[in-house]
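Working notes for the structure below.
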Amino acid sequence: MTRGPDKQFDTEVALSKAMEVFWAHGYEAASLSELLKNMGIGKKSLYDTFGNKQSLFLKALDYYARTTLRDIRDRLNAEGSPLGNLKHLLKDWQIMHSQSGSCGCMLGTNIADFNTHDEAIAKVMRTYLRQLEDVFTTALTHAQDQGEISSTVHPRHLAQLLLCTTQGMALLGRVMEDDTLLDGTVEAAMSLLESG
């Protein structure tokens, strides 16, 4: 028996292209034909490598979560002020989500779109949100250790507030005509942290 031909595509690149389609259209609206076109592969390669559409979506969600969390963690763990790093991250997200055509957060937009009875998808989304909360908690704990926020506040509670705030920013940014709302949101969040 001879071995089949090697894959003629980079699976990581194909997965990132699938992620873009799911991000722009959501799970339900993303058509198989558009996924195949963007990924640059045929149907057989899709099924052989990634499985069915749901399996591909789960892999795309995981890819998004891994790469996004790594970037956020790196930015918050950078040299300098933990609170300053957090403020720069929030300001950058404000600018990004204020751009015309912003797709928001892939997880957030799909949370609003998917069938909540699909436990496999719900589990991936919950895991990502918990991990993001943990990243915020760690950054806020470092800020507290350095005296940048009050020792009386609970870093986990502040992280949960930031999680809800940033997911709301990503979602609302998709329809707002200017950045007034998001700018005010970031300013209020930072004022709360700095006065805490």
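The values are calculated or read from the model by the stated rules, or taken from the named source; none is laboratory data. All values reported here derive from a predicted model rather than from experimental measurement. Positions of Cβ are generated from backbone atoms using ideal geometry, with glycine treated the same way; all protein chains shown enter the neighbour counts. These accessible areas exclude ligands, DNA and RNA; they are computed on the full protein's heavy atoms, side chains included. Shrake-Rupley method; radii C 1.70, N 1.55, O 1.52, S 1.80 Å.
Taking 2.2 N^0.38 Å as the expected size of a compact globular protein, what ratio does the Cα radius of gyration of the range 108-196 give against it, to two decimals?
Taking the Cα Rg and dividing by 2.2 N^0.38 Å, one obtains 1.25.
Where does the charge balance sit around residue 85 when Lys and Arg score +1, Asp and Glu -1, over other residues with C-beta under 12 Å from its C-beta?
0
Give, in nm to one decimal, the length gained when the segment between residue 122 and residue 99 is fully stretched (0.36 nm per residue of separation minus the Cα-Cα distance).
So the extension gain works out to 5.4 nm.
I need the semi-axes of the equivalent ellipsoid of the range 16-56: take the C-alpha gyration tensor, multiply each eigenvalue by 5, square-root it, list largest first in whole angstrom.
15, 10, 8
For q values of 0.08, 0.10, 0.12, 0.19 Å⁻¹, compute log₁₀ I(q)/I(0) with the Debye formula on a Cα-only model of the chain, without solvent.
-0.32, -0.49, -0.67, -1.29
With unit charges on the beta carbon (Lys/Arg positive, Asp/Glu negative), name the residue among 170, 25, 158 whose Cα is farthest towards the positive pole of the charge dipole of the chain.
It is 25.
Suppose every Lys and Arg Cβ carries +1 and every Asp and Glu Cβ carries -1, with no other charges. What dipole size does the chain come out with about its Cα centre, to the nearest 20 debye?
820 debye
Roughly how many Å² is the accessible area per residue of the range 53-93, as a whole number, for a 1.4 Å probe? Kindly include the intermediate steps, with their values, before the conclusion.
Details: 1920 Å² over 41 residues.
For the range 53-93, the solvent-accessible area averages 47 Å² per residue.
Accessible area of the chain with a 1.4 Å probe: how many percent of it is carbon plus sulfur? If you can, show how the numbers build up before the last one.
Values: 5520 of 10710 Å².
It is 52 percent, rounded to a whole number.
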